[in-house]
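The values are calculated or read from the model by the stated rules, or taken from the named source; none is laboratory data. Computed from a predicted model, the values in this text were never measured in an experiment. Glycine also receives a Cβ, built like all others from the backbone with ideal geometry; neighbour counts cover every protein chain displayed. Heavy atoms of the whole protein, side chains included, go into the accessibility calculation; ligands, DNA and RNA do not. Shrake-Rupley method; radii C 1.70, N 1.55, O 1.52, S 1.80 Å.
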Amino acid sequence: MTSKVLIMGAAGKDFHVFNTVYRDDDTAEVVAFTATQIPGIDERRYPAELAGPRYPNGIPIEPEESLEALIRQHGVDLVVFAYSDVRYQYVDDKRAMVEAAGARFETAPTRAVMVPSSKPVVAVCAVRTGCGKSQTSRYVARLLQDMGKRVGIVRHPMPYGDLTKQRVQRFATLEDLAAQDCTIEEMEEYEPHIKNGMVVWAGVDYEAILRQAEQEADVILWDGGNNDTPFYKPDLHITLVQSVRQHNPDAQVIYANSPVTAADPSIIEGARILAVEDGPTLTHGEMPYGAAVIAAKQHGASAIVDPRPWVVGSIVQTFEQYPAIGPLLPAMGYGEAQIRDLQETINACDCDAVVIGTPIDLARVLTIDKPHTRVTYEMEQSAGPPLEDILREAVG
């Protein structure tokens, strides 16, 4: 008998689990995905062009709030939990809900979804959002490039638009970001690599992405997201952690800093500033502050202004969904409407200056009518075996 399967996700790992485990499995039928975390990704369909011949009508993507009803409606046998950046208690609560509704519950497999590559793979992952994956990935990419390697950077998925068009995406120029309708969240991860002269790959079908990247690259760099595991089988797996010895006493440990640099510190000194930080880091990443706040304190801001009296539209909903956010503005930009809401909120805020701590320069995509400065941060190794030596041993 065919097993009825439902995959819980957030437009990323869930699709990869389907593609690698269930798409061609005649013993299982995926009846639906559920979606959460990312605004506007539910009430779509995983298209037939990606789902394959067993799914001529595609697969519905439903709100996670409908989970229990979907289990009963479809007679679901198994629910697979396939997203990250959540607490253990959250997963346990979902397990209890699923089992009470009459289905089995599993977390997504780890090794079964790691696609092998014909090229060496270096993976950069972390135990949580906000550990420093982005600057570490940039640092590793530069080291590999200095070794004479052509680096193909494959970024953890963020397919928030037309899934068919986003099956395989290649970004080599900033114009590519606009041409493929990237959100702020996507640009934050792709743009710094592009400015460093790298090509970034992303999308939905990660085996197809890998095969194309292999044609151009000597080394594949998996640039991970959240606290997820890599989609490719790594030859070297770099994990950013807050503690490690208890769980892996044999690991090679490298210590690193991420110094914060303000482009124009004079804008901050003595000013009442609005701190704009990376959105996912503050929301489901639950970090209390970011680079903008650090820069504000370093350069003597007189106050950090709470933006909540001036937030509009979907930014209001963000603060309602994540009430623990402090006096900061998460740079939410999942689509044109939310980008407009972000711009309007920044310009309405009663502050002297705006400090931008996002991985991209928001002033490139927003019109900010106040004095503003960008804060950047890059990785610097401070102790431990040289990462360059470890990379050279791993990739040749």
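Before moving on, here are some points about what is shown:
- Across Lys133/Lys233; Lys4/Lys119; Lys13/Lys370; Lys195/Lys370; Lys119/Lys195, pairs whose alpha-carbon gap is larger than 28 Å: Lys4/Lys119; Lys13/Lys370
- Its Cα gyration tensor gives the range 1-104 an equivalent ellipsoid, and the semi-axes of that ellipsoid, as √(5λ) in whole Å with the largest first, are 20, 16, 12.
- Lys165/Arg111 FRET efficiency (R0 30 Å; Cβ-Cβ; nearest 0.05): 0.50
- Scaling the Cα radius of gyration of the range 64-173 by the globular reference 2.2 N^0.38 Å produces a ratio of 1.43.
- Ala363 versus Gln89: modelled label distance in nm, points set 7 Å from Cα along the beta carbon direction: 4.2
- Shape call, the range 278-321: gyration tensor on alpha carbons, a/c limit 1.5: oblate
- Spacing of the two label points (7 Å from each Cα toward its C-beta) at Ala48 and Arg150, in nm: 3.8
- Cβ crowding within 10 Å averaged over residues, with 128-134, 343-349 ranked highest first: 128-134, 343-349
- Sum of -39500 (n - 2.57) over DSSP H runs of 4+, divided by residues of the chain (222 nm, nearest 500): -8000 deg cm²/dmol
- As an equivalent ellipsoid, the range 27-79 spans semi-axes of 18, 16, 8 angstrom, where each value is the square root of five times an eigenvalue of the C-alpha gyration tensor, largest first.
- A full extension of the chain between Val312 and Thr173 corresponds to an added length of 46.8 nm, given 0.36 nm per residue minus the alpha carbon distance.
- Cα-centre dipole for the range 52-191 with unit charges at Cβ (Lys and Arg positive, Asp and Glu negative), debye to 20: 820
- Where the range 64-174 is the region considered: accessible area per residue in Å², 1.4 Å probe: 45
- The packing ranking, built from the mean of other Cβ atoms within 10 Å per residue, places the peptides 203-212, 52-61 in the order 203-212, 52-61, highest first.
- Hydrodynamic radius of the chain per Kirkwood, over alpha carbon pairs, in Å: 22.1
- Normalised contact order of the range 53-137, rounded percent, pairs of Cα under 8 Å and 6 or more residues apart: 27
- Tail fraction, Cα-Cα pairs, the range 339-385, threshold 12 Å, whole percent: 66
- The alpha-carbon positions of the range 262-344 define a convex hull whose volume is 92 Å³ per residue.
- Each label was represented as a point 7 Å from its Cα along the Cα-to-Cβ direction; for Ala69 and Asp250 these points are 5.1 nm apart.
- Using C-alpha pairs under 8 Å with a sequence gap of at least 6, the mean separation divided by the residue count of the chain gives a relative contact order of 17 percent.
- Nearest-ten-degree value, helix 336-348 long axis tilted from longest Cα axis of the chain: 20
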